[in-house]
1. What tally of residues in the range 226-273 results from selecting those that are part of a loop (DSSP other than H, G, I, E, B) and not acidic (Asp, Glu)?
2. Within the range 154-193, how many residues turn out to be hydroxyl-bearing (Ser, Thr, Tyr) and in contact with an Asp or Glu (Cβ under 9 Å, 6 or more places away or on another chain)?
3. Do we have any residue at all in the range 312-320 that's touching a residue at least 60 places away in the same chain (Cβ under 8 Å) and either under 21 Å from residue 207 (Cβ atoms) or not β-branched (Val, Ile, Thr) (or both)?
4. Considering only the range 139-200, give the strands (runs of 3 or more DSSP E) lying wholly within it that have at least 2 residues that are out of contact with any Gly (no Cβ under 9 Å at 6 or more places or on another chain).
5. Given the condition within 16 Å of the ligand (Cβ to nearest atom), under 26 Å from residue 189 (Cβ atoms) and either at pLDDT 85 or above or open to solvent by 30 Å² or more (accessible area, probe 1.4 Å) (or both), answer yes or no: does some residue in the range 69-84 qualify?
6. Kindly indicate which of 166, 121 is more than 28 Å from residue 185 (Cα to Cα), of a type in the set (Gly, Ala, Ser) and surrounded by fewer than 17 Cβ atoms within 10 Å (Cβ to Cβ).
7. Name, by its number, the condition in (1) open to solvent by less than 70 Å² (accessible area, probe 1.4 Å); (2) closer than 30 Å to residue 215 by Cα; (3) polar (S, T, N, Q); (4) modelled with pLDDT of 90 or more that does not hold for residue 101.
Amino acid sequence: MHDPVRQHPEEKFKRAGLYGNPPCPICGGNWCGYNSFLCSCMREDKGSFKTVIQPKTGKPAYQHWLKPGTVNYSKSDELDMPIEVIASVEKLDRVYRELLNLLSLYQEHKEDLLRRGLTEGDIKKNGYKSIPKIIKPWDICKKLKDIGYDLSGVPGFYKADGKYEGTYWTFSWKPGYFIPMLDAKGRIQALQRRIENPKEGEPKYMLLSSSGKKGGGNSGTPAHVARPAEIRDRIIWITEGPLKADIAAKYLGAVVIGLMSAGTWVQALEVVDELSPEEVITAYDMDFKTNKLVNKPLELLKGELKEKGLVVRQATWDEVKGIDDALVGGKKITIGGR
Ligand SMILES: [Zn+2]
């Protein structure tokens, strides 16, 4: 009988997309588990030989056999997987807030935000700050330590080796600005970075993370909960991108969930559970019409929301890609049927 599990009892699962692992070989997303012969995919049921219910979440995981050579799996990878203890969200909120407190917003970054459609008031309220170019990150870390903050397990911070001996705390100072990512309770759970002049092939947005580094941690892919100064509408919107969500929230007068990417929608479900709206409007970038990698996760998200008994509708617009540009540009937003 074909039973590779018995043949390789020592092979543990790797987490897709984390710790530098490649994404899921079945769905292309993160968080699925796989080894050299078996994939436990959270999203794709087509072609699976078995469905199991995950004990912790109660969600299904679809088991797929992998043909030999589908993934590059070696025993040593598994042993190298760092064990990281991520600080509680209360601690993350305190440390990130104090970090932002110590920083300022450069004129060129403020102009970028104004150009995107935010006002000075919005910029202040949302707390964007520049990654310092002159003050050194280790000096900022020293300040945080001196005030009494413990930086261990706070994604982004890590201990670097000193030139001669010992270690010192620091974080990446790639130029750009920080976009605070809030949870449903308004706590800063992560810092997104808008990278200044990204090199070709480099992403424009990157989370502040320090996975695999001494004292560091993986930021994960949380969903940002953007709240306008005044909530005029109880409907919750879901879009791709934290900054986009901040801008959309202002113009819509509604809470907007900003996903890290089209595929990281599972995180939105928790937020929806916590805020318990009656209606949700999805506002993914308009390339969902032609891009399977966007459309497929969008359909899965809508399915899960409908299963919760919510009214789920889809916003569309013409000419521009993102909901933020559509709103700022005064385009007509059409909200599709149920
Ligand atoms: Zn998968």
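1. First, pick out the residues of the range 226-273 that are part of a loop (DSSP other than H, G, I, E, B): 227-235, 241, 253-255, 260-265.
Keeping just the survivors that are not acidic (Asp, Glu) gives 227-229, 231-232, 234-235, 241, 253-255, 260-265.
Within the range 226-273, residues that are part of a loop (DSSP other than H, G, I, E, B) and not acidic (Asp, Glu) number 17.
2. 3
3. Yes: the range 312-320 contains one or more residues that are touching a residue at least 60 places away in the same chain (Cβ under 8 Å) and either under 21 Å from residue 207 (Cβ atoms) or not β-branched (Val, Ile, Thr) (or both).
4. Numbers: elements: 158-161, 167-170, 176-182, 188-195.
Those strands (runs of 3 or more DSSP E) span 158-161, 176-182.
5. Looking through the range 69-84, none of the residues is within 16 Å of the ligand (Cβ to nearest atom), under 26 Å from residue 189 (Cβ atoms) and either at pLDDT 85 or above or open to solvent by 30 Å² or more (accessible area, probe 1.4 Å) (or both).
6. Every option except 166 fails the conditions.
7. Status for residue 101: all satisfied but (1).
Listed here are the residues, each with its yes/no results for (1) out of contact with any Pro (no Cβ under 7 Å at 6 or more places or on another chain); (2) hydrophobic (A, V, I, L, M, F, W, C).
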| residue | (1), (2) |
| --- | --- |
| 235 | no, yes |
| 253 | no, no |
| 266 | yes, yes |
| 269 | yes, yes |
| 311 | yes, yes |
| 314 | yes, no |
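The values are calculated or read from the model by the stated rules, or taken from the named source; none is laboratory data. What you see is a predicted model; the values in this text were computed from it and never measured. FYI the Cβ positions are ideal-geometry reconstructions off the backbone, even for glycines, and counts take in every protein chain you see. For the accessible areas, the whole protein counts, side chains as well, though only heavy atoms, and no ligand, DNA or RNA atoms are used. Shrake-Rupley method; radii C 1.70, N 1.55, O 1.52, S 1.80 Å.
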